[in-house]
1. Whats the longest run of chain B with zero chymotrypsin sites (Phe, Trp or Tyr not before Pro) that are DSSP loop and have at most 12 other Cβ atoms within 10 Å?
2. Taking loop as defined by DSSP and a crowding limit of 15 other beta carbons within 10 Å, which trypsin sites (Lys or Arg not before Pro) in the stretch B:1-64 fit?
3. What number results when the radius of gyration of the stretch B:3-211, computed over Cα atoms, is divided by 2.2 N^0.38 Å?
4. What is the Cα centroid distance between the stretch B:1-79 and the stretch A:1-59, reported in whole angstrom?
5. If one computes the Cα centroid of the stretch B:93-136 and of the stretch B:163-194, what distance in Å separates the two points?
6. For the stretch B:1-104, calculate the relative contact order in percent as a whole number, restricting contacts to Cα pairs under 8 Å that are 6 or more residues apart.
7. Starting at the first residue of the stretch A:62-78, write each ³J(HN,Hα) from the Karplus equation 6.51 cos²θ - 1.76 cosθ + 1.60 with θ = phi - 60°, in whole Hz, x for Gly and Pro.
8. Gain in length, B:Leu211 to B:Thr153, computed as 0.36 nm per residue apart minus the alpha-carbon separation, to one decimal in nm?
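Computed from the coordinates by the stated procedures, all read-outs in this text should not be read as laboratory data. Treat the numbers as computed from the prediction; the structure is a model and nothing was measured. Because the Cβ atoms are built from the backbone with ideal geometry, glycine has one as well, and the counts that use them run over all protein chains shown.
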Amino acid sequence: MIVEMNNIRKRFDKLEVIKNISFGVDSGEVVSIIGPSGSGKSTLLRCATFLETIDGGEILYMGEKAAYTDESGKAVYVHQHELHHFRSYCGLVFQQFNLFPHYSVLKNLTDAQIKVQHRTRDEAEETAMELLGKMGIADKAQAYPYQLSGGQQQRVAIARALAMKPKILFFDEPTSALDPELTGEVLKVIRQLAEEKMTMVVVTHEMPFAKAVSNRVLFMDGGVIVEQGDPKEVFDDPKEERTRQFLRVFER
Amino acid sequence: MTLSTMLSTMAGGMLKTCGIFVLTLVGSLPLGMIVALLRRSRFTVIRGIVRVYISVIRGTPLMLQLLVWYFGPFYLFHWSIRGWRFPALILGFILNYAAYFAEIYRGGIESIPAGQYEAAQVLGYSKTQTFMRIILPQVIKRIMPSVTNEVITLVKDTSLAFTLAYQEVFSLAKQISASQTSFMPFVIAGVFYFVANYAVEFAMERIEKALNYYR
């Protein structure tokens, strides 16, 4: 298992956003998470990438505990420098890209490699150019984010995350902020990564994409995983009424 | 008194005005950043102290503050204030401008979207790296117009040094005008302030342009 999340609970004040969720992702697996907005999908990703702290449960990366629940029932995280090490295992692609506007595309990809992972500039640039080539935007290396289309920006963001060589990459609705005609180019890149056996978890509303690319689909609603399994089964023959209801909205 | 003697007499004052200006900026631009960061401290006590400081500084006249810094040590502790004039002046200016700059910085820092911090965190940047490499450069670009405003105000505020009888250009203009019964010193002072601010505008515009390589 690359990542394992057991009995995760998370609340914002009174609102319980995640109610005892457990799930794990194996190496090379592509998991899609679908569900209505407010179902806790994004929060789950943010907990997995340490942007939010869990209230209960445990998080393991590569079998090592990053967070666990102590005897008093409170979630405890490992120390700061160890957490840093866990952070390097995972990457996150945001809905809003969140590129650094004052850095060129190339620097967006190399800066963290050099400053965080202490690679040499040559090494970092080689990795960056290789990834930009793969994303089909090698010619944009010297451009600034504002000069790119949304689809190009998101591909830069994916390349930036990959440049850190994470063991697993999380996507938080990667195409939701894009114009419809630009979603294809981003989905194509993710599909390509799936073919290369990159371990990924994708929160998405692109049902045909989820069905075609993922090995497993999770349907979340109200802070719980309502149903999960093989994408064909979940999409074509959902067991739960709530799943059926949700999917009906997406049919035509 | 001929115009040229007037000019050469006032030249020393102009130099002193420039001195106040430069020292105030050198002190208050960095100090303002420290104040802004303390204003956002997670400790309530520190936040409270800084808030009171900013509130008092903004709520009282700079002229009064200068008098307090200069005469305060004498009235409060009966210390000798010989040689204290210039230090008190600079201290008063720096503490005053730091408060204003702090609020400008704070506004700039708070205008940076949370996504920038989150992206940096996920990539593994430390808190210091995130601030210095990702946040601060964007803050500087955003606050340039407000900083320009404040710097221009400072050029004119240096004239408040006359309250402590410090012989900068405005004090001299008043003295010479009175002794020579001439309007000319005020014209010279006016032209000096205007030219100084023209230079400030020019310089700041260049900086803003240099930062226009991204949006």
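1. In chain B, the maximal stretch lacking such sites is B:80-182.
2. Sparse-neighbourhood loop trypsin sites (Lys or Arg not before Pro): B:Arg40, B:Arg42.
3. Values: Rg = 20.3 Å, N = 209, 2.2 N^0.38 = 16.8 Å.
Normalised Rg, Cα atoms only: 1.21.
4. After rounding, the separation between the Cα centres reads 52 Å.
5. 41 Å
6. It rounds to 41 percent for the stretch B:1-104.
7. Here the 3J(HN,Hα) series is 6, x, 9, 7, 9, 8, 8, 9, 7, 4, 6, x, 9, 6, 10, 9, 5 Hz.
8. 18.6 nm
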